[in-house]
Amino acid sequence: MTYAVIGTGAIGGYYGARLSQSGQQVHFLLHRDYEYVKEHGLQVDSCNGSFHLDKPFVYNDTKLMPKADVVLVGLKSVNNHLLATLLPPLLHEQTLVVLIQNGIGVEEDVQRTFPNVQLAAGLAFICSAKTEPGRIDHQCYGQINLADYSCRDASLMQQVCADFNAAGVKAELVEYHEARWKKAVWNMPFNGMTVALHTQTDTLLKNPSTRQLIKQQMMEVVGAAQHLGVKNIDERFADLMISMTDEMTPYSPSMRLDYDFHRPMELHYLYARPIQIAAEAGFPMPRLEMLMQELQFLEAN
């Protein structure tokens, strides 16, 4: 299959590079480092083995790219308004668009713009960063879960999953709502708390007070999900996320990097939207709402 990557950053760049290394035809859209990668290639420094793509297919305009069977969207959700222009040149009737993005509600909004396009969620469990041109630093983990949102062809989802596994990336097919809310169990506490307290994941868990607060925030997400009828999510899953984070290398999540580099933070889909959905269903999330308000203050200033 032919793959396209929109948003060749820490996440989209890593998964696209793994697919390319395994022999898949992958076309990368780049912005700031297009000229650099065109000349020097793409370097992935990975805990699972580093590698270099000498001559990747790179572009600075989707109008120059071939149509793709699968489009991996690694853009930050604050840039989703760009998809109305970026996506159409890449689409044919059966193209699957995989939104490898954080938050709740992203597929619903993209589907409104593209009512006939097949969509899936990509839930990345990975510590990865891109802080210089043409170089991705993959620190640990790397699994991606794929959740069907509006795909009309189950075999297409299975093939994408198989391609990831063949590329050395563990991938599984999961239920959509369960996948999105399970990802939020980690994202909502750790992304915001590392910004608000200007720290990393390990420090938050080493301090008894913030470790307790992280757990309480996680349980607000679990409670909201259960209230909305999401299955297979409970306190044991929150404990698993904390245990996995204990084992991670000290990590600055994407929102912390966005704040440090003076980029807009993904406050809408990571906080405002899930908090609103839960509230409309009768479940308040006071700790996470307070965290959102603190982040809104920091961004405004």
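Would you mind computing Rg(Cα) / (2.2 N^0.38 Å) for the stretch 1-86, counting N as its residues?
Expressed relative to 2.2 N^0.38 Å, the Cα Rg reads 1.02.
How long are the semi-axes of the equivalent ellipsoid of the stretch 186-261, defined as square roots of 5 times the Cα gyration tensor eigenvalues? Whole Å, largest first.
Here the semi-axes work out to 22, 14, 11 Å.
Tell me the volume per residue, in Å³, of the convex hull enclosing the alpha carbons of the stretch 108-227.
154 Å³
Can you give the convex hull volume of the alpha carbon atoms of the stretch 175-301 per residue, in Å³?
Per-residue hull volume (Cα only) is 101 Å³.
Applying 1/(1 + (r/R0)^6) with R0 = 22 Å to the Cβ-Cβ distance of Thr131 and His52, what FRET efficiency is obtained, to the nearest 0.05?
0.80
Past 29 Å, Cα to Cα, is the threshold; run Lys206/Lys231; Lys55/Lys130; Lys63/Lys182 against it and keep the listed order.
Lys206/Lys231; Lys63/Lys182
Would you calculate a helix-derived [θ] at 222 nm for the chain, using -39,500 (n - 2.57) for each DSSP H run of n ≥ 4 and dividing by the full residue count, to the nearest 500?
Only helices count here, giving -13500 deg cm²/dmol.
Which number do you get for Rg(Cα) / (2.2 N^0.38 Å) in the stretch 35-151?
That ratio works out to 1.13.
Taking the Cβ of Val78 as the center, what net charge do the other residues with Cβ under 10 Å away carry, scoring Lys and Arg +1 and Asp and Glu -1?
Result for the neighbourhood of Val78: 0.
For the stretch 134-205, what Kirkwood radius comes out of the mean inverse Cα-Cα distance, in Å?
Computed over the stretch 134-205, the radius equals 14.6 Å.
Accessible surface of Leu64 in the full protein assembly, 1.4 angstrom probe, to the nearest 10 Å²?
The accessible area comes out at roughly 120 Å².
With N residues in the stretch 153-194, what two-decimal value do you get for its Cα radius of gyration over 2.2 N^0.38 Å?
In units of the globular-protein estimate, the stretch 153-194 measures up at 1.51.
Among Val195, Ile104, Leu91, which residue has its Cα furthest toward the positive end of the charge dipole of the stretch 84-206, with +1 on Lys/Arg Cβ and -1 on Asp/Glu Cβ?
With unit charges placed on the Cβ atoms, the residue in question is Val195.
In the chain, which whole DSSP H runs stretch at least 15 Å along their own axis (Cα) and average -1.0 or higher on the Kyte-Doolittle scale?
Helices meeting the criterion: 154-166, 176-196, 208-227, 235-247, 286-300.
Suppose the chain between Ala279 and Leu197 were pulled fully straight at 0.36 nm per residue; how much longer would it get relative to their current alpha carbon spacing?
Contour length minus Cα-Cα distance gives 26.9 nm.
The values are calculated or read from the model by the stated rules, or taken from the named source; none is laboratory data. From a predicted model like this one, the values you see are computed outputs, not experimental measurements. When we count neighbours, we look across all protein chains shown, and the Cβ atoms used for this are built from the backbone with ideal geometry, even at glycine. Each accessible area value is taken on the protein alone, full model and side chains, heavy atoms only, with ligands, DNA and RNA left out. Shrake-Rupley method; radii C 1.70, N 1.55, O 1.52, S 1.80 Å.
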